[in-house]
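Chemist: Just dropping this structure here.
The values are calculated or read from the model by the stated rules, or taken from the named source; none is laboratory data. Being a predicted model, the structure only gives us computed values, none of them experimental. All Cβ positions, glycine included, derive from the backbone under ideal geometry; neighbour counts span all protein chains shown. Surface areas here come from the heavy atoms of the whole protein model, side chains and all, with no ligands, DNA or RNA. Shrake-Rupley method; radii C 1.70, N 1.55, O 1.52, S 1.80 Å.
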Amino acid sequence: MDHEFKLLIDGELVAGTDQFDVVNPATGQAFARCAKADAAQFEQAVAAAKRAFPVWAAESIEHRAMLVNHLADGLEARAGEFASLLTSEQGKPLDQAMYEVTASVHTLRAFAKMRLETVTLHDAGGNTVIEHRTPLGVVAAIMPWNFPIILLMNKLGPALVTGNTMVAKPAPTTPLTSLLFGEICQHVLPPGVVNIICDQNELGSLLTSHPDIAKVAFTGSTATGKKVMASAADGVKRVTLELGGNDAAIVLDDVDARQVARKVYGGAMANAGQICVAIKRAYVPEAMYDDFCDELALMANAAIVDDGSKQGTQIGPVQNKMQFDKVKALLADARVNGTILAGGEPLDRPGYFIPPTIVRDISDDAPLVREEQFGPVLPVMRYTDIADVIARANNSEYGLGGTVWGRDLERATNVAKQIDSGTVWVNQYLAIDPTIPFRGSKQSGIGGELGQAGLHEYTQAHIVNAIAFADV
Ligand code: NAD
């Protein structure tokens, strides 16, 4: 690829001190080079963000929101270019890549509409107590590889609108869309307000421990999230951790098995299963178990698995070799501990392709059920008792999302309320919107993104408690 992808530091697009290959997961071959920052460039990025902070924080929120809208305009104008690059580096089919880009535009615009209110807590007898919100300073944004562009916007939108500056670091296997966005930032924003640096996993711990970083907004695995939290502890930095999940789908006995199977299939297989809130295990009443599994297998066998850049592809490759190997190991275990109804073997071609795989008759303690598979593989378990299945769904260190499927909405909603996770969708999946807060319970995270609550995560609540001088 001809394009030269550069870092954004202090308003300049700069080459790294080194470069590394970015692999297209559909071929397993490098297709572009990415600038790599060393520790000195990392320090320059943090220093630039620190310098830019007081001026940016002093601008009106209307002015900052206007520039965030300009970023959205820039992204929208180049949506096709971003989507195509996203497919090349991430692997997702082009239509799903375009969806991620347009949702990113929508997210920036949604944050640009939000405002911080000053709340009067007390106003009597000459004593006024107000709570208002102030920005934190320099925010570190650290992203994973499954949704590289929208997960950056979920952080950048609220951070900038509320007056913070940022050093952003994408995942090493999907850095290019972030760097392309850096080109837009360079045109739109004052120098230093957003800095984007890339690494091969060396800079994360520097970011989370740097004394001039006030907050770390991290999305990634629970294992890395724990390191982020430990590293941030020393400076008592604010952290938002959006971590892993193992979402259960509970199918109730008053629905049509095949109709719901088709929905559950969609929730499990979008982005080749690499979604934090993908359906990662399904619990189905005994009486409809066979029909449900057979319909899933029909869907899986009919799926078009191919290079995401080809028209009509429904499922692209797994994003990287490490994840491909992890999913292959889970498949090997499922072959022994369950019955594979569809898929089960990687495709015999270059790239990291695993066809949609349906596994039945597998026990709750198999690794495929207990762990986060993060690939296009769905285990399906049977149940007879509703209280028991709720307990089984909750028997996980994760608590990110989940779905309940039932014709009787009141009963389904009542089941949803008993699932210990941040979000439960009833008769739908992945209904994520920038105006609705999103957060994990248990080891799926701390704090949250999106919504007014997500905006507040980038601020300090500040109390001013005043009485007239005459009353002193
Ligand atoms: P990962 O934890 O391996 O990496 C995430 C980011 O952390 C990368 O940018 C990486 O370079 C960086 N990093 C590595 N070591 C670090 C350290 N010591 N300190 C700070 N940063 C460090 O995650 P991944 O494999 O890229 O992403 C997949 C995971 O992300 C899955 O578990 C998935 O469920 C989760 N995820 C969660 C959400 C959510 O909103 N809860 C959304 C998407 C993905």
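Chemist: Go through the range 347-363 and give me each residue that's within 26 Å of the chain's Cα centre (by Cα) and assigned to a loop (DSSP other than H, G, I, E, B).
Modeler: Of everything in the range 347-363, those that are within 26 Å of the chain's Cα centre (by Cα) and assigned to a loop (DSSP other than H, G, I, E, B) turn out to be 351, 352, 353, 354, 355, 356.
Chemist: Separate question: Please work out which one of (1) away from the ligand (no atom under 12 Å from the Cβ); (2) charged (D, E, K, R); (3) open to solvent by 10 Å² or more (accessible area, probe 1.4 Å) is the condition residue 202 fails and give its number.
Modeler: (1)
Chemist: Hey, another quick one. So residue 301 passes all but one of these: (1) open to solvent by less than 20 Å² (accessible area, probe 1.4 Å); (2) under 16 Å from residue 357 (Cβ atoms). Which condition number does it fail?
Modeler: Evaluating residue 301 over (1) open to solvent by less than 20 Å² (accessible area, probe 1.4 Å); (2) under 16 Å from residue 357 (Cβ atoms) leaves (1) as the failure.
Chemist: Starting from residues that are under 15 Å from the mean Cα position of the chain (by Cα) and of a type in the set (Asp, Glu), keep the ones in the range 405-451 and report whichever is farthest from the ligand (Cβ to nearest atom).
Modeler: 433
Chemist: Further question: Can you find, within the range 237-259, the residue that is nearest to the ligand (Cβ to nearest atom) among those that are buried (at least 24 other Cβ atoms within 10 Å of the Cβ) and charged (D, E, K, R)?
Modeler: Of everything passing the filter in the range 237-259, 242 is nearest to the ligand (Cβ to nearest atom).
Chemist: So, in the range 232-250, how many residues would count as being in contact (Cβ under 8 Å) with a residue 12 or more places away in the chain and in a loop (DSSP other than H, G, I, E, B)?
Modeler: 7
Chemist: Going residue by residue through the range 118-136, is there one that turns out to be crowded, with 22+ Cβ neighbours inside 10 Å and in a strand (DSSP E or B)?
Modeler: Looking for residues that are crowded, with 22+ Cβ neighbours inside 10 Å and in a strand (DSSP E or B), one finds at least one in the range 118-136, hence yes.
Chemist: Give, as residue ranges, the helices (runs of 4 or more DSSP H) completely inside the range 1-93 that count at least 3 residues that are of a type outside the set (A, V, I, L, M, F, W, C), touching a residue at least 12 places away in the same chain (Cβ under 8 Å) and surrounded by 22 or more Cβ atoms within 10 Å (Cβ to Cβ).
Modeler: Helices (runs of 4 or more DSSP H) meeting the threshold: 79-90.
Chemist: So, in the range 209-224, of the ones that are in contact with a Phe, Trp or Tyr (Cβ under 8 Å, 6 or more places away or on another chain) and near the ligand (Cβ under 9 Å from one of its atoms), which residue ends up nearest to residue 245 (Cα to Cα)?
Modeler: Filtering the range 209-224 for residues that are in contact with a Phe, Trp or Tyr (Cβ under 8 Å, 6 or more places away or on another chain) and near the ligand (Cβ under 9 Å from one of its atoms), the one nearest to residue 245 (Cα to Cα) comes out as 222.
Chemist: Condition check: in contact with an Asp or Glu (Cβ under 8 Å, 6 or more places away or on another chain), near the ligand (Cβ under 8 Å from one of its atoms) and of a type in the set (Lys, Arg). Does residue 169 satisfy that?
Modeler: yes
Chemist: If you go through the range 225-236 one residue at a time, do you hit one that is farther than 25 Å from residue 267 by Cα, near the ligand (Cβ under 6 Å from one of its atoms) and open to solvent by less than 30 Å² (accessible area, probe 1.4 Å)?
Modeler: The answer is yes; a qualifying residue exists.
Chemist: I'm trying to understand the selection: among the residues of the range 393-415, which are open to solvent by less than 70 Å² (accessible area, probe 1.4 Å) and part of a helix (DSSP H, G or I)?
Modeler: 393, 394, 412, 413, 415
Chemist: State the number of residues belonging to the range 380-392 that are open to solvent by less than 10 Å² (accessible area, probe 1.4 Å) and either of a type in the set (D, E, K, R) or touching a Ser or Thr at 6+ places or on another chain (Cβ under 9 Å) (or both).
Modeler: The number of residues fulfilling the criteria is 1.
Chemist: Would you say residue 133 is of a type in the set (D, E, K, R) and more than 18 Å from residue 448 (Cα to Cα)?
Modeler: No, not satisfied.
Chemist: Oh, and also: What pairs come out if I take residues in the range 212-231 that are in a loop (DSSP other than H, G, I, E, B) and pair them with residues that are near the ligand (Cβ under 8 Å from one of its atoms) whose C-beta lies under 6 Å away, six or more apart or interchain?
Modeler: Qualifying pairs under 6 Å: 220/144; 221/244.
Chemist: Follow-up. From the list 109, 78, which one is within 16 Å of residue 435 (Cα to Cα) and of a type outside the set (S, T, N, Q)?
Modeler: Result: 109 is the single residue among 109, 78 that is within 16 Å of residue 435 (Cα to Cα) and of a type outside the set (S, T, N, Q).
Chemist: Suppose we keep only residues that are without any contact (Cβ under 8 Å) to a residue 24 or more places away in the chain and under 29 Å from residue 284 (Cα atoms) within the range 344-365. Which one would you say is least open to solvent (accessible area, probe 1.4 Å)?
Modeler: Of everything passing the filter in the range 344-365, 344 is least open to solvent (accessible area, probe 1.4 Å).
Chemist: Condition (residue is within 16 Å of the ligand (Cβ to nearest atom), touching a residue at least 12 places away in the same chain (Cβ under 8 Å), under 25 Å from residue 154 (Cα atoms) and in contact with a strand residue (DSSP E or B) (Cβ under 8 Å, 6 or more places away or on another chain)) applied to the range 281-303: is it met by at least one residue?
Modeler: Within the range 281-303, not a single residue is within 16 Å of the ligand (Cβ to nearest atom), touching a residue at least 12 places away in the same chain (Cβ under 8 Å), under 25 Å from residue 154 (Cα atoms) and in contact with a strand residue (DSSP E or B) (Cβ under 8 Å, 6 or more places away or on another chain).
Chemist: Separate question: What tally of residues in the range 104-114 results from selecting those that are open to solvent by 20 Å² or more (accessible area, probe 1.4 Å) and either within 16 Å of the ligand (Cβ to nearest atom) or out of contact with any helix residue (DSSP H, G or I) (no Cβ under 6 Å at 6 or more places or on another chain) (or both)?
Modeler: So the answer is 2.
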